Amino acid sequence: FFSILLHTNMQQTIADFIESKWDSECIPKLEEYIRIPCQSPGFDKDWESNGLLDDAMDLLHDWVKQQDVPGLTSKVMHETGRTPFMIVQVPGTVEGFGNRILMYGHMDKQPPLDLELWSEGLSPYNPVIRDGKLYGRGGADDGYAIFSAITSIQAVKKAGLDHGPITIVVEADEESGSGNLPFWIEKIKPELGTPDVIFCLDSGALNYDQMWLTTSLRGAINGQLKVELLAEGIHSGIFGGIVPCTFRIVRQLLSRIENEMNGEVLVPECHTDIPEDFKEQMKQLDELGPDVFTKDVPWLHEGCCGFQGLTSELGLANAWKPCLAVTGVSGLPPAENAGNVLRPYTGIVVSIRLPPAADAEKAMSAVKCVLERDPPHGARVTFSRGMQASGWCMPDLEPWLKDAVNGASEMFFNKPCGYQGLGGTIPFMGMLGEMFPSAQFVITGVLGPKSNAHGPNEFMDIAFTKKITCCVANLVNAHFVHFSK
């Protein structure tokens, strides 16, 4: 009875501390961060001169330096032409205990999108708390991460529990493919040691009722396809039927890499076999109901729909199959300025999500080859490479960690942990998997239903974020307990 009571008291101490810390410190500071328009370098060519990424990183670092964590050291690293990078070191509570934890987050943001796309009273850089949700760009993706990481460690200490040495890293380039990250990781490799468990606080959840672990992440490639045919625009009546429209040529080329009727990507290098254990894992999602992936889609009106299938089938399509999206365009004037002209060129940005096991370099090279070969009408066709990142598959959880994540979820949500393959991309995970092949991974986050990262009305569910922080604290202590036996 005493053991149960002690365990319950510690759980309550952790939950109370985290509740208070988020309300009094983390939320107000996160609101300050949301106000900074620190776009990822892939979306802001002036990032280095305008200093917005530095401003946001300094804001977060100043908060870290103010925290009461014995022995904590931190620094923000700078190099010309490189995005800033923060590393935080927290020594273990027991001298001589060497088993380590690594935690990861990022603080660069996606573009704000047109303001009219945001709901009334909301905007990307004006934080608003409404119905228990903190709205604004970057709060959930992924500004909250450093607050959750530090607060979880403080909660462990507040409860009188122990933890091993912990390293926290925060990058400023994730939304652009983490191109600067290998440089920084090489710089700090001696400080990383060899972590047993790696926490990534940049993922999502299928509901707000339990903790979720991500078991796989898709890779991604993108680039600009440009079709040029004329030296200048010409009259579409005088030359129509004689000179083709460059947009039509773009359509032809897209049909080489995607079946426009069903969305199937036609480039073999963009596909891989789906492991049987992941198929079995996805079947468990059928228990959650038929609309898990579709209920939160903001359809324009009744009758709009996406691809049809069982929840498990849609889960596999999202996590393990490639898909294509056109995410940008050039060479086309706004509709209100369009004249009767055959334009000299059309450009589009093509983004392809790749299965977790696909080779991003091979996929990129194959797509470029297919698009540029045998150009219709002798047009100049170029596919300029953009972001490139391979995916990741989680190693099987060791029994102690599987019990710990389920126990943490049961403790703070009264439900066991859920598992999902995620259609998004976190480039750092593949890199870490190669660097630390024996490490265990806890990939979790607060991007739940309708949180709309990358889109308008992005929000962070505050209550859910507090509970996830509680779960992280519990796992930090579970790591110590396991390796101290």
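All told, N457 falls short of being free of Cβ contacts under 8 Å to residues at least 60 places away in the same chain and either in contact with a helix residue (DSSP H, G or I) (Cβ under 8 Å, 6 or more places away or on another chain) or over 22 Å from I101 (Cβ atoms) (or both).
Step by step: first the residues of the range 180-201, then only those that are assigned to a strand (DSSP E or B) and either in contact with a Pro (Cβ under 7 Å, 6 or more places away or on another chain) or of a type in the set (V, I, T) (or both), then the one that is surrounded by the fewest Cβ atoms within 10 Å (Cβ to Cβ). Which residue is that? Talk me through it step by step, then tell me what you get.
The first filter runs over the range 180-201 and keeps only residues assigned to a strand (DSSP E or B), leaving 195-201.
Cutting the leftovers down to either in contact with a Pro (Cβ under 7 Å, 6 or more places away or on another chain) or of a type in the set (V, I, T) (or both) gives us 197-198.
Numbers: V197: 25, I198: 22.
Result: I198.
Regarding the range 317-329, can at least one residue be identified that is more than 30 Å from H235 (Cα to Cα), open to solvent by less than 70 Å² (accessible area, probe 1.4 Å), assigned to a loop (DSSP other than H, G, I, E, B) and in contact (Cβ under 8 Å) with a residue 24 or more places away in the chain? The answer is yes; a qualifying residue exists. Checked against (1) surrounded by 14 or more Cβ atoms within 10 Å (Cβ to Cβ); (2) modelled with pLDDT of 95 or more; (3) in a loop (DSSP other than H, G, I, E, B), T80 passes all but condition (1). When the range 202-218 is examined, which residues are found to be within 20 Å of E171 (Cα to Cα), assigned to a loop (DSSP other than H, G, I, E, B) and of a type in the set (A, V, I, L, M, F, W, C)? Within the range 202-218, none qualify. Evaluation of G98 against the conditions (1) assigned to a loop (DSSP other than H, G, I, E, B); (2) open to solvent by less than 10 Å² (accessible area, probe 1.4 Å); (3) over 21 Å from G424 (Cα atoms) shows that the sole unmet condition is (2).
Restricting the search to helices (runs of 4 or more DSSP H) fully inside the range 219-298 and requiring at least 2 residues that are open to solvent by 30 Å² or more (accessible area, probe 1.4 Å) and within 22 Å of L324 (Cα to Cα) gives 246-257.
Of everything in the range 37-61, what is of a type in the set (A, V, I, L, M, F, W, C), open to solvent by 30 Å² or more (accessible area, probe 1.4 Å) and in a loop (DSSP other than H, G, I, E, B)? Give them in sequence order. Across the range 37-61, the qualifying residue is only F43.
If you check S390, S409, which single one turns out to be of a type outside the set (V, I, T), touching a Cys at 6+ places or on another chain (Cβ under 8 Å) and either open to solvent by less than 20 Å² (accessible area, probe 1.4 Å) or within 26 Å of H454 (Cα to Cα) (or both)?
S409
Which residue is surrounded by the fewest Cβ atoms within 10 Å (Cβ to Cβ), if the candidates are limited to the range 146-179 and must be polar (S, T, N, Q) and touching a Ser or Thr at 6+ places or on another chain (Cβ under 8 Å)? The extreme case among them is S176.
Table: residues versus (1) open to solvent by 10 Å² or more (accessible area, probe 1.4 Å); (2) touching a strand residue (DSSP E or B) at 6+ places or on another chain (Cβ under 7 Å).
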site: G433; (1), (2): yes, yes
site: I443; (1), (2): no, yes
site: V446; (1), (2): no, yes
site: K450; (1), (2): yes, no
site: I462; (1), (2): yes, yes
site: C471; (1), (2): no, no
site: L475; (1), (2): no, yes
site: V481; (1), (2): yes, no
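Of the residues in the range 198-209, at least one is within 29 Å of E287 (Cβ to Cβ) and among the polar types (S, T, N, Q).
If only one of G204, G143 is modelled with pLDDT of 95 or more, open to solvent by less than 10 Å² (accessible area, probe 1.4 Å) and on the phi < 0 side of the Ramachandran plot, which one is it? Explain how you work it out, then say what you get.
On the way: G204 fails: modelled with pLDDT of 95 or more.
Only one candidate qualifies: G143.
The values are calculated or read from the model by the stated rules, or taken from the named source; none is laboratory data. Every value quoted in this text rests on a predicted model; they were computed, and no experiment measured them. Using ideal geometry, Cβ is built from the backbone for each residue, glycine included, and neighbour counts are taken over all protein chains shown. Each accessible area value is taken on the protein alone, full model and side chains, heavy atoms only, with ligands, DNA and RNA left out. Shrake-Rupley method; radii C 1.70, N 1.55, O 1.52, S 1.80 Å.
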